[in-house]
Amino acid sequence: SKVWKLTTAAAIPYYTGKYANSKRGFGFVTIGANVDEFHAAANETKKNVDEILLIQTESMHKSLEKNKNEIDKFVVQMLNELTITTAIMIILVIIIALWMSNYISKKIESLLLGTKMFAENKLDYRIEVHSNDEIGQLEKSFNDMAIKIEELIKEQKSLNETLETRVQKEIKKQREQEQLLIQQSKLAAMGEMIGNIAHQWRQPLNALGLVMQNIEFTYKMGELDDAYLEKAIKKTNNLTSNMSKTIDDFRNFFKPNKTKDYFNLNETLEKTISLVDSTFENYNIEIIKEFNKEEIEIYGFASEFSQSVLNILTNAKDAIIENNKKERKITVRTYTCDKKSIIEIEDNAGGIKENIIEKIFEPYFTTKEEGRGTGIGLYMTKTIIENSMNGKIFVKNIKNGANFTIEI
């Protein structure tokens, strides 16, 4: 076994120094063969043990190196396999992602196309459904919604057409009723208009009478010659022409307008006032005209507008006469404000009672005695101004009377 064994040895206690007097002493001294021979066995054994350890260490190192190489090879192989697997998985994920992206993009484009078609009013467009997944369910829901919307729009369109027809009929019916009321209002005022004609004709008839008397007197005096007769005939023609014009003015007043048109506000008011100025003069009522210097054009039915103004003037005249005012004045004023044409008609009849001022535009409301008023005059005035002229009319009491303001 190459390990030497000791045959003789003796251990002798050794006392020295401070251990000289101790029981134990410093230690022991082995007595045997000489030192080299004594340690030869131990040294040889150590040498042999070192060799054995070296051999085992080298063997272990070789085993470790071999195992390390095998482990490294295994790790490299595993890394290669993992790399290949990962690369394949990444490629598959990219392919699947691209496919899913393309699939979803096409579906979204299909939905966007559907909404675009709807926006362009192509309500019969439908999306083709090729799957039963969430996208397919969404496409199906879109188609269902499209069908319902198309049905609702068709139903709404049908209702609108029906409603439009009904509205047109109602508007036409209302317009016909308004025209009928306007004509009724004119007919109700016809008696007064005849009186106005009589007043308008009174002066020219008197003048005609004087002309005839002068012709007769001149003839009796033997002074009737061609020059005098020509002068008399010319004057007579002028008087009859004015009387004919009066008839034409009243005829135009009663003739309804067919279409709306632009007309001169001041001229129309002048013509309207001329229809009644003789009657008003007969009652000592002065009509003061404060017209805008520049011409004002408004759009509507001229005869209906004249009717509405005439109704206000007639009511003012009746109020002045009823209240027996000494100073009798009616002011008709025109001007523009904020791109609107304004007409004001003021009287000094004492004003309207506060408890009825809000009712005067209601149909068939009147404060006049039975048989003297129909109660549709001011109602028709409001209807004409607001419906036919797209304007507004207001009334308020002022210091000595009432003020009617028309905005067009």
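Between the C-alpha center of region 71-106 and that of region 136-166 there is a gap of 50 Å. With the convex hull drawn around the C-alpha atoms of region 257-408, the volume per residue stands at 120 Å³.
Ranking of T334, T165 by neighbouring Cβ atoms within 10 Å, starting from the fewest: T165, T334. Straight Cα distances below 27 angstrom link K73 to the lysines K62, with same-chain residues fewer than 8 positions distant left out.
Among the listed pairs K289/K382; K122/K157; K116/K140; K359/K399, which have their C-alpha atoms separated by more than 19 angstrom in this model? Table pairs above 19 Å Cα-Cα are K289/K382; K359/K399. Neighbour counts of C-beta atoms inside 10 Å place V211, V93 in the sequence V93, V211, starting with the fewest.
Where a number appears in this text, it was derived from the coordinates with a stated rule and is not lab data. Keep in mind the model is a prediction, meaning the values are calculated, not measured. Every residue, glycine as well, gets a Cβ built from its backbone with ideal geometry; the counts of neighbours run over all protein chains shown.
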